[in-house]
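The values are calculated or read from the model by the stated rules, or taken from the named source; none is laboratory data. Values in this document were obtained by computation on a predicted structure and should not be read as measured data. Ideal geometry is used to build each Cβ from the backbone, glycine not excepted, and the neighbour counts take in all protein chains shown. Note: accessible area is taken over every heavy atom of the protein model, side chains too, but ligands, DNA and RNA are not part of it. Shrake-Rupley method; radii C 1.70, N 1.55, O 1.52, S 1.80 Å.
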Protein chains: 2
Amino acid sequence: MKIFVRALLIVLFLPLAAMAEDLPSWNDGKSKQAIIDFVTKVTDQNNPDYVKPEDRIAVFDNDGTLWTEQPYYVQLGFALDRVKTLAPAHPEWKEKEPFKSILQGDLAAVAKSGEKGLVDLVMETHAGQTTDEFAKIVQDWFATAKHPKTGKPYTDMTYLPMRELLDYLRAHGFKTYIVSGGGVEFMRPVTEALYGIPPEQVIGSTIVTKYTLSADVPVLAREAKIEFVNDGPGKPVGINKFIGRRPIFVAGNSDGDYEMMRWVTSGKQHGFAMLVHHTDADREYAYDRDSAFGKLDKALNEAERRNWLVVDMKADWKKIFAFEQ
Amino acid sequence: MKIFVRALLIVLFLPLAAMAEDLPSWNDGKSKQAIIDFVTKVTDQNNPDYVKPEDRIAVFDNDGTLWTEQPYYVQLGFALDRVKTLAPAHPEWKEKEPFKSILQGDLAAVAKSGEKGLVDLVMETHAGQTTDEFAKIVQDWFATAKHPKTGKPYTDMTYLPMRELLDYLRAHGFKTYIVSGGGVEFMRPVTEALYGIPPEQVIGSTIVTKYTLSADVPVLAREAKIEFVNDGPGKPVGINKFIGRRPIFVAGNSDGDYEMMRWVTSGKQHGFAMLVHHTDADREYAYDRDSAFGKLDKALNEAERRNWLVVDMKADWKKIFAFEQ
């Protein structure tokens, strides 16, 4: 009886599924074909490279891989807006970098404040409240904030072909994760809506949180102290810590993804790695080796000999954003 | 057509499901009923306390909640055996505590070496290799190690009623996690087989790991440095860091679970908390307030006023271990 129902389901639904085209915003060509070939291979029980569903883990960088990271990281946009919001309570910022330059609208000077300036900025704008309060602040910000170039909500700045790729992998039994240098509590409030990725599948940088009681109610307080930087060599460390399995698919776009690409492609199961190469100055941005955000140099140099796919956004993607005509 | 298939499935399979008794190793009574009432309530769309499947997160302590923690934590058993295995390469251990006492079989003296001794013990026995190597060491150990009292493999020392509870929750759309003070890389190699919990749903204490190249192959090296202690107030912190949602079900057995029980039961959705109370000296062990492992005092004192279920192992469980006649 069970077999009968299964057969019925296959007959009814398989043709429907087969009718929908895979990866519709990808142009036909070697990039799209390489992805499809890999997925076909690891999901075919008769193929020697078959991978069981529970081991089909796919990890995606976020900034520049799933959404735009130019002219600056979305999270930096958040921090800049937070400085403006919090400024009335911080008169000292008028004389203190990087806050002074931010308040004067001089972003070039902000970059000059270096790593210490950036850490101060994150600490002042991302800590000092409970985790619940911070999630609310992030949600409220995303509801109104706009990308500085397109004027679209940041939530519209995701790459349609990459969202299709996430869907395609999930339809083939993959579990999809974000593995980003961004703050995990900055991403989690929106990843389900943007990418279909639930909070527990988002790995990112963290600050220290502490359990404490507020009027006898337990809260987690966000402290102004960096706990873990999930970037570069931190990415395979984060993957191992959170997932405890080695992924078989990885997508990145910068040298910050290099180590996790090495990690994924050196396992027992031959993993697939792809780099999103920003080549479209008209529809998005064109940059690689000289970029301040998402610098791509070493990974690009080694891509060919490591058999990593380099996706050419201009050539490979029919559409970049869903809002394009 | 879709509706027809769905109806057919319901007709065919519902009676089968209803025939299997829920929680068969639990005696009928208020504990079993409280669990069933809670699950029935949060899965009933017409109930005001209904919870969407994606928010049905259940977290379980491991030592003393899912498996025996007496006469000492399983992981301590592992460390003791590792000391014996590694001793030939460490002649200095003959004169150094706690190694000296371990090698002489004097476990009482080991306890006297205090926190520093315990940390030294963990560092010497759990670090210095790659993550892949350590996973293999753990797997090999579990394949042969025996519980000191029963002589059964440690993997047989899980509580049957708790495994049924995990199954029951999952059958009702819950995602089940382990949230343990134990080392995450000690648990992950066995949790899928023991509890049906995959590695990515195991949260535990961690030591620092570092990405490095070994003969140009990326590895993660385990360093002799504690990174995060997932116990007491660390448990809600770990839950938030790894899951990013507040669970609605928690099971623990000691004051080390107190803070996560507070955290789970103070959310917007009314969470359910239960304590496993070790009351059966014949079939397992009887202990609470004066125990060296899994001390239960504060949580027990507050259970009634916080409406936390206290499960009486002796009275509530028909069978504790699957191997019982």
- Residue list for segment B:111-160, filter: over 30 Å from A:GLN269 (Cα atoms) and surrounded by fewer than 13 Cβ atoms within 10 Å (Cβ to Cβ): B:LYS112, B:GLY114, B:GLU115, B:LYS116, B:LYS149, B:GLY151
- Report, by residue number, each residue of segment A:268-312 that is more than 18 Å from the chain's Cα centre (by Cα), within 22 Å of A:PRO233 (Cβ to Cβ) and in a helix (DSSP H, G or I). A:LYS298, A:LEU300, A:ASN301, A:GLU302, A:ALA303, A:ARG305, A:ARG306
- Query: Which members of segment B:80-109 meet the condition of being more than 15 Å from B:MET123 (Cα to Cα) and of a type in the set (Gly, Ala, Ser)?
  - Reply: B:ALA89, B:SER101, B:GLY105, B:ALA108, B:ALA109
- Task: Report the residue count in segment B:152-170 for those that are within 13 Å of the chain's Cα centre (by Cα) and among the charged types (D, E, K, R).
- Result: 1
- Task: Confirm whether B:LYS52 is among the basic types (Lys, Arg), open to solvent by 70 Å² or more (accessible area, probe 1.4 Å) and at pLDDT 95 or above.
- Result: yes
- Is it true that A:VAL190 is hydrophobic (A, V, I, L, M, F, W, C), open to solvent by 10 Å² or more (accessible area, probe 1.4 Å) and facing chain B (nearest Cβ under 10 Å)? no
- Message: Checking B:ALA111 against (1) at pLDDT 95 or above; (2) out of contact with any Ser or Thr (no Cβ under 8 Å at 6 or more places or on another chain); (3) not assigned by TED's automatic domain parsing to the domain that holds B:ALA224: exactly one of these is not met. Which one?
- Response: (1)
- Task: Starting from segment A:45-62, keep only residues that are within 12 Å of chain B (Cβ to nearest Cβ), then list their pairs with residues that are part of a helix (DSSP H, G or I) and open to solvent by 70 Å² or more (accessible area, probe 1.4 Å) whose Cβ atoms are within a distance under 9 Å, requiring at least 6 positions of separation or different chains.
- Result: A:GLU54/B:GLU192
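Residues are listed down the side, and each one gets a yes or a no for (1) over 26 Å from B:MET157 (Cβ atoms); (2) within 14 Å of chain A (Cβ to nearest Cβ); (3) modelled with pLDDT of 95 or more:
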{"site": "B:ASP231", "(1), (2), (3)": "no, yes, yes"}
{"site": "B:GLY244", "(1), (2), (3)": "yes, yes, yes"}
{"site": "B:PHE249", "(1), (2), (3)": "no, no, yes"}
{"site": "B:LYS268", "(1), (2), (3)": "yes, yes, no"}
{"site": "B:ARG306", "(1), (2), (3)": "yes, yes, yes"}
{"site": "B:VAL311", "(1), (2), (3)": "no, no, yes"}
{"site": "B:LYS318", "(1), (2), (3)": "no, no, yes"}
- Residue check, B:ALA171 of a type in the set (Gly, Ala, Ser) and within 18 Å of B:THR43 (Cα to Cα): yes
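Looking at this structure, is B:ARG222 in contact with a strand residue (DSSP E or B) (Cβ under 9 Å, 6 or more places away or on another chain), open to solvent by less than 30 Å² (accessible area, probe 1.4 Å), basic (Lys, Arg) and closer than 22 Å to B:GLY183 by Cβ? Break it down stepwise before answering.
Working: in contact with a strand residue (DSSP E or B) (Cβ under 9 Å, 6 or more places away or on another chain): yes; open to solvent by less than 30 Å² (accessible area, probe 1.4 Å): yes; basic (Lys, Arg): yes; closer than 22 Å to B:GLY183 by Cβ: yes.
Here the answer is yes, as B:ARG222 does meet what is asked.
Does segment B:152-187 hold any residues that are facing chain A (nearest Cβ under 10 Å) and within 17 Å of B:ASP132 (Cα to Cα), and which are they?
Here is the first cut: in segment B:152-187, the ones facing chain A (nearest Cβ under 10 Å) are B:175, B:177, B:184-185, B:187.
Of everything in segment B:152-187, those that are facing chain A (nearest Cβ under 10 Å) and within 17 Å of B:ASP132 (Cα to Cα) turn out to be B:VAL184, B:GLU185, B:MET187.
Can you confirm whether B:LYS149 is part of a strand (DSSP E or B) and of a type in the set (Lys, Arg)?
On the way: part of a strand (DSSP E or B): no; of a type in the set (Lys, Arg): yes.
No; evaluated as a whole, the condition is false for this residue.
Quick check on A:ALA286: is it more than 30 Å from A:GLY128 (Cβ to Cβ), open to solvent by less than 20 Å² (accessible area, probe 1.4 Å) and among the aliphatic types (A, V, I, L, M)? Steps first, please.
Working: more than 30 Å from A:GLY128 (Cβ to Cβ): yes; open to solvent by less than 20 Å² (accessible area, probe 1.4 Å): no; among the aliphatic types (A, V, I, L, M): yes.
The answer is no for A:ALA286.
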- Message: Being open to solvent by less than 30 Å² (accessible area, probe 1.4 Å), polar (S, T, N, Q), over 30 Å from A:ALA315 (Cα atoms) and more than 10 Å from chain B (Cβ to nearest Cβ) narrows it down to one residue among A:SER205, A:SER214; which is it?
- Response: A:SER205
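For (1) open to solvent by 10 Å² or more (accessible area, probe 1.4 Å); (2) out of contact with any Leu (no Cβ under 9 Å at 6 or more places or on another chain); (3) of a type outside the set (A, V, I, L, M), each residue gets a yes or a no:
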site	(1), (2), (3)
B:GLU200	yes, yes, yes
B:ASN230	no, yes, yes
B:PRO233	yes, yes, yes
B:PRO247	no, yes, yes
B:ALA251	no, no, no
B:MET261	no, no, no
B:ALA281	yes, yes, no
B:ASN301	yes, yes, yes
B:GLU304	yes, yes, yes
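Checking the condition more than 13 Å from the chain's Cα centre (by Cα) and modelled with pLDDT of 95 or more, which residue from A:GLY196, A:GLY204, A:GLY183, A:GLY173 passes? Steps first, please.
Details: A:GLY196 fails: more than 13 Å from the chain's Cα centre (by Cα); A:GLY204 fails: more than 13 Å from the chain's Cα centre (by Cα); A:GLY183 fails: more than 13 Å from the chain's Cα centre (by Cα).
Step by step, each of A:GLY196, A:GLY204, A:GLY183, A:GLY173 is checked, and only A:GLY173 is more than 13 Å from the chain's Cα centre (by Cα) and modelled with pLDDT of 95 or more.
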